[in-house]
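Report on the structure given below.
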Amino acid sequence: MKQWFLIENEADYRKMVDRYEAIRESAKDSTEFKEKQLLAFLINHYEEQLWEMPAVDPIELIKIRMEEFGYKPADLARAYGDKGTISKVLNYKQALSLTMIRKFSKLLRIPVEALTREYAHD
């Protein structure tokens with residue numbers, strides 16, 4: 001089993017998430033299961049620290065997380081399926097839909113509650 005430490009940056013976070021996904025289905029009595037539990041704890045701890053963020057409007061929060069992950073609007077369009085709508089949302093011309101909130105919460109690791117805050121849009 002690899003030795004793990006507290007997550008200090010996005011690269012560490014990605015490695016741990018990737019490893020967690022690789023061993024997610026491990027048997028309860030295996031070494032990988034114990035490693036999976038540790039990774040879940042470390043990932044959760046890191047995400048909780050990230051999510052203690054100031055009240056920022058949902059679109060700004062999406063843009064911040066896109067930058068942190070190195071995502072472009074096209075990456076969001078692949079997750080959602082419509083490039084035109086993504087452009088409208090990111091430019092405050094259209095409100096986030098419930099489907100977008102769900103997909104972007106998972107993709108960008110933003111709590112749903114942060115994406116459902118009121119914000120000004122056309």
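The values are calculated or read from the model by the stated rules, or taken from the named source; none is laboratory data. These figures come from a predicted structure and were not determined experimentally. Virtual Cβ from ideal backbone geometry, glycine too; neighbours counted across all protein chains shown. Please note that ligands, DNA and RNA were not included when accessible areas were found on the heavy atoms of the full protein model with its side chains. Shrake-Rupley method; radii C 1.70, N 1.55, O 1.52, S 1.80 Å.
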Kirkwood estimate for segment 48-116, i.e. one over the average of 1/r between Cα atoms, Å: 12.0
Mean separation of Cα contacts under 8 Å, 6 or more apart, over the residue count of the chain: relative contact order %: 23
Rounded to the nearest 20 debye, dipole of the chain from Cβ charges on Lys, Arg, Asp, Glu: 460
Sequence of Arg117, Arg78 when ordered by accessible area, the most exposed leading, probe 1.4 angstrom: Arg78, Arg117
Gyration tensor (alpha-carbon) shape descriptor, segment 78-122, a/c threshold 1.5: oblate
Listed residue pairs exceeding 29 Å between alpha carbons, taken from Lys36/Lys88; Lys15/Lys72; Lys36/Lys63; Lys2/Lys28; Lys15/Lys106: Lys36/Lys88; Lys36/Lys63
Local electrostatic count at Met66 - Lys and Arg +1, Asp and Glu -1, tallied over other residues with Cβ under 10 Å: 0
Dipole of the chain, positive direction: furthest Cα of Ile59, Val17, Ser97, with charges on the beta-carbon: Ser97
Candidates Asp29, Asp82, Asp12, ranked by Gaussian network fluctuation over the chain, Cα under 10 Å, top entry: Asp29
For segment 3-69: rounded, prolate or oblate by the Cα gyration tensor [a/c cutoff 1.5]: prolate
Expected-Rg normalisation [2.2 N^0.38 Å, Cα atoms] applied to the chain: 1.22
Choice from Ser87, Ser105, Ser30 with maximal GNM fluctuation in the chain (Cα, 10 Å cutoff): Ser30
Using a Förster distance of 22 Å, the FRET efficiency for Gln3-Ser26 (Cβ separation, nearest 0.05): 0.80
